[in-house]
Structures are given as structure tokens and as C-alpha cells.
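For reference, the structure is listed below as C-alpha cells.
The values are calculated or read from the model by the stated rules, or taken from the named source; none is laboratory data. What you are looking at is a predicted structure, and each value in this text was computed from that prediction instead of being measured. Ideal geometry is used to build each Cβ from the backbone, glycine not excepted, and the neighbour counts take in all protein chains shown.
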Amino acid sequence: MTENTPKKSVTIGGPGSNAAFPVLSGTVGPDVIDIRKLYGETGLFTYDPGFTSTAACRSKITYIDGDEGILLHRGYRIEDLAEHSSFLETAYLILFGELPTADEYSNFMSGVTYHTMIHDQINYLYRGFRRDAHPMAVMVAVVGALSAFYHEDLDTNDPHHRLIASYRLVAKIPTIAAMAYKYSVGQPFMYPRNDLSYPENFLYMMFGVPCEPWQEKPTLSKALEKIFILHADHEQNASTSTVRLVGSTGASPYAAISAGIASLWGPAHGGANEAVVNMLGEIGSVERIPEFIARAKDKDDPFRLMGFGHRVYKNYDPRAGVLKSSADEVLEELGKGDNPKLAIARELERIALEDDYFRDRKLFPNVDFYSGIILEAMGIPTKMFTAIFALARTVGWMAQWNEMMEDPEQKIGRPRQLYTGAAQRPYVAIDKRR
Ligand code: SDX
């Protein structure tokens, strides 16, 4: 049985006629009804705002079982990768489909290491921003601008060109993100160092200064490595779907990733990690938690419990589980185990998970609930939290973009609609209008 051999069919009736549509099966997960011929054979569209029940593509990269709280990258559990792998090894797995041999890993690391610098002209792009510009706005602009630097010789239909673009973006995104931070604090940009690991190099570019030698920070780089791994890819989420849709027109991958960064920035998506820490600060004390729980349940109050709920997970987000346990470890190692925000987060989670409103709606902590607490304890400024999410997710976006470009079934993305506007009507001259 292959993924193309339908095992059964579903009959749908419409204005045209009844028609049978094949049901396709993947390796694991829900079967899908192949409705590509639905409109042609029945005159019907499907209606699925937010794509809650729609598979937009075939993919081999990431599998999520939302009910069981399972996340696999190319078949490997996220818990195992977070425990045993490095970010660049996980990046290789996500990009190429297999864990690398020692030689493959060494070649991949040097390929990334020797592409971390950016064209010196790009430094001038930062100068156009106010110093208080949000790093995500800066990253949208600078990554998008890479499409101007790598446009002429880029043929997105050439697999080798796509490979080069993948290396470039995975390699340069930490440099671009760190430069956004340095610019915001008025410090000189720190050029990447080829002798440091991927996470250590990012810390160096963020916190290093030209006037003194860098003291490596193993606790911080180990915690950051885990955070990068946990954010690397996540199936067809909003920002990944954005990258695929932009890429489906044949647009530059740099423009597509810039669009993905813009999509991730939203507080309902990757911007939630920043929103969680701001929310915990606003709650301020364990005693005020009930007030905010009530607000989260109040339909007339737009407030939502940031870091809770998920479109797919109707169980505990496995990434949140890893971060919850590493939060204790990292904060203790940093001497910040008594962080009041961690105490509020723990009590907030306990109360929410006992409350029927959250239990009935299967609202559990997601990846953003604990990540911000760890990043804040590491001294990362709140405004950089989503930039770090984007940094890590860039490899997932590139893998998904490559998969879309290689997919023989892929077409330009162009959804339809249910039109509820005015029926056709004649134009009325302005002096005849009431
Ligand atoms: C990420 O998709 C991905 O994979 C994303 C991500 C990734 O790695 O790429 O996992 C990263 O984006 C994680 C999510 C981060 N966002 C937040 O933490 C923001 C807070 N969460 C919500 O905004 C919300 O839960 C979403 C956006 C995450 C999911 O929203 P859905 O699936 O559209 O669910 P919904 O809005 O239809 O909510 C269902 C019900 C509603 O109540 P009823 O109308 O049924 O009475 O649950 C309620 C919602 O009001 N609800 C919440 C809530 N989330 C949903 N109520 C209070 N607080 C919340 N956080």
C-alpha cells in the first residue's frame, strides 16, 4: 500500500452529481479525502477557515499527534533529540531526512560555519531603523533584503541553488538576529567566530564586546541549544504555511522566509513567548492569578492566557514538558531558582489545569509557556524572544520550502471562498445616489 493508493473512497453529492473521492493514507495519522477534483465533479468548494481540517500538502518532515502529545522529526521523538542531539545535527536531520554520519555532520557544520558572515553592505540597512525598532521588524526587513543580494544567480528550480540558500539562511540568521539586538543597544556588531559552536557563537554575537575577551558560557549555550532544537520545525503551522504559500509562486526563498518571520511575530503564534513573560509580569503575584483566570474565561474580555492552548495539541505540548523540566535546571544553575515569574507560571498552570474551562477545551501549556522564563533568566531581552524562535525555525522553514519545491504535486497556492457580498448590480451616478 503506497500513500498514493487509495484504500477507500467517500461519496459527496452536489449540484452536479454524486462523485466518489479517494481516501489516502499516510505512514501514521488521519487519512485524507483527496478532493482535488471536488469542484470539477460536484460544483462544490469545501469551507474550512483556519484550515482546521485541511491537509495542504504531503510531508515527511514532522509528525504531530495532538491527542497523544507526540512530536516527531523524521520519525525521531522531540524528547530524544532535545536530550541527545545538537541543534545542527537536528537541522541536518530536518533538512536531509536522516541523522548524519560523523563525516556528514562535520561537513555540514563547516558548511554552516563558513557562511555565517553577511555582506558588509547589509550593515547599513540597520542604520535606517530607530534604535527601539522591534527586532522582528528588523529581521523581516533584513532577511527580505537578502533577496536583493542573492537574486541574479538564484534559480529556485535548481536543487543546488536551493541547497546553497538553505546553508546561507541557517548560517546567517543568528548573525542577523544578534545584529538586531546590538543595534538596539547601541553597541558595535560582533562578527561571527568560526571557533565557537552555533549557540555559543550566537551568545558571543549578542553579548560579546570588542574591548574584552569572550568567556564561554556552557550553561547558557547548552540551554540555548535545547531551545533551538525544540523550535526547529512544527508541521504546517501558520508561519510555515506562509513560507510554502509565498514559495509556491516561485518567489525568492529569502522573501519567503521574511514572510514567515512576519507571520511568526503575531502574539497568537511565535510572539506568544514574549507575551507570556509580559503576562506573568502583569499578574505580578500568585494571589492575582484567579483574577486573570477569570478574564481568560470571560468572552467579553479579549485577554487570553498566553502560552496556553494550541490548534493541534489537545494534550500537553511535549516541547513544553521538556522546557518545564529544564526551566528548574537552568534557573538553579544560574542562581535564579527563586524567580517569581517561574513560581507564578507553575501556580497558574496548576490552577488552570484544574479548571473545567481549560480542561473542557483541552487548553494545556504550549512551547511558549516556559521558554520565555528561561530566556529571561539567561539575560536575553524580552523583545528578542520571538527573534530566537525565528532563528531556530528558519531550518524548518527551509526544509518545508525545499520539500514544497521538490513536490511534483505542488501548485501555486490559491484558495477559493464562500462569497457573501452583494450580487451583481448596475453602477449609479453620484447625483443619483441617496
Ligand atoms: C505556537 O501551530 C503551531 O504549530 C504553532 C506553534 C509552532 O511551533 O509553530 O506550536 C507555536 O504558535 C504556539 C501557540 C502560541 N500562542 C499562544 O499561546 C496564544 C494563546 N493561545 C490562543 O491564542 C489559542 O489557543 C491558539 C491560537 C494557540 C489556538 O487557537 P485555536 O486553535 O484557533 O482555538 P480557538 O481560538 O478556536 O479556541 C477554542 C476555545 C475558544 O473558546 P470557545 O469559543 O470554545 O468558548 O478555547 C478558547 C477560545 O476562546 N481558548 C482560550 C485560549 N486558547 C483558546 N481561552 C483562554 N486562553 C487561551 N489561551
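So the values come out like this:
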{"read-out": "Members of segment 327-343 found to be in a loop (DSSP other than H, G, I, E, B) and of a type in the set (Asp, Glu), listed by number", "value": "ASP338"}
{"read-out": "Segment 239-271, residues that are among the hydrophobic types (A, V, I, L, M, F, W, C) and farther than 25 Å from ILE164 by Cα", "value": "TRP265, ALA268"}
{"read-out": "Residue check, ASP132 of a type in the set (Asp, Glu), surrounded by fewer than 19 Cβ atoms within 10 Å (Cβ to Cβ) and farther than 24 Å from HIS269 by Cα", "value": "no"}
{"read-out": "Which numbered condition GLN417 fails, given (1) out of contact with any helix residue (DSSP H, G or I) (no Cβ under 8 Å at 6 or more places or on another chain); (2) surrounded by 12 or more Cβ atoms within 10 Å (Cβ to Cβ)", "value": "(2)"}
{"read-out": "Long-range neighbours under 9 Å by Cβ, at least six apart or interchain, first residue of a type in the set (Lys, Arg) within segment 116-140, second at pLDDT 95 or above and surrounded by 13 or more Cβ atoms within 10 Å (Cβ to Cβ)", "value": "ARG127/TYR183; ARG131/TYR183; ARG131/SER184"}
{"read-out": "Pair list, Cβ under 8 Å, 6 or more apart: segment 354-367 residue within 22 Å of HIS231 (Cβ to Cβ), other residue outside any loop (DSSP other than H, G, I, E, B) and near the ligand (Cβ under 7 Å from one of its atoms)", "value": "LEU363/PHE308; PHE364/PHE308; PRO365/PHE308; ASN366/ALA272; ASN366/PHE308"}
{"read-out": "In segment 327-348, residue farthest from the ligand (Cβ to nearest atom) [restricted to those that are free of Cβ contacts under 8 Å to residues at least 40 places away in the same chain and buried (at least 17 other Cβ atoms within 10 Å of the Cβ)]", "value": "ASN339"}
{"read-out": "Selection within segment 209-218 - more than 19 Å from PHE228 (Cβ to Cβ) and surrounded by 11 or more Cβ atoms within 10 Å (Cβ to Cβ)", "value": "VAL209, TRP214"}
{"read-out": "Per-region count, segment 172-208, residues surrounded by fewer than 22 Cβ atoms within 10 Å (Cβ to Cβ) and among the aliphatic types (A, V, I, L, M)", "value": "3"}
{"read-out": "Count - residues of segment 80-117 that are in a helix (DSSP H, G or I), over 18 Å from the mean Cα position of the chain (by Cα) and not polar (S, T, N, Q)", "value": "13"}
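The rows are residues; the columns are (1) modelled with pLDDT under 95; (2) part of a helix (DSSP H, G or I); (3) in contact with a His (Cβ under 7 Å, 6 or more places away or on another chain).
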site	(1), (2), (3)
LEU348	yes, yes, no
PHE369	yes, yes, no
GLU376	yes, yes, no
PHE389	no, yes, yes
MET398	no, yes, no
GLY421	no, no, no
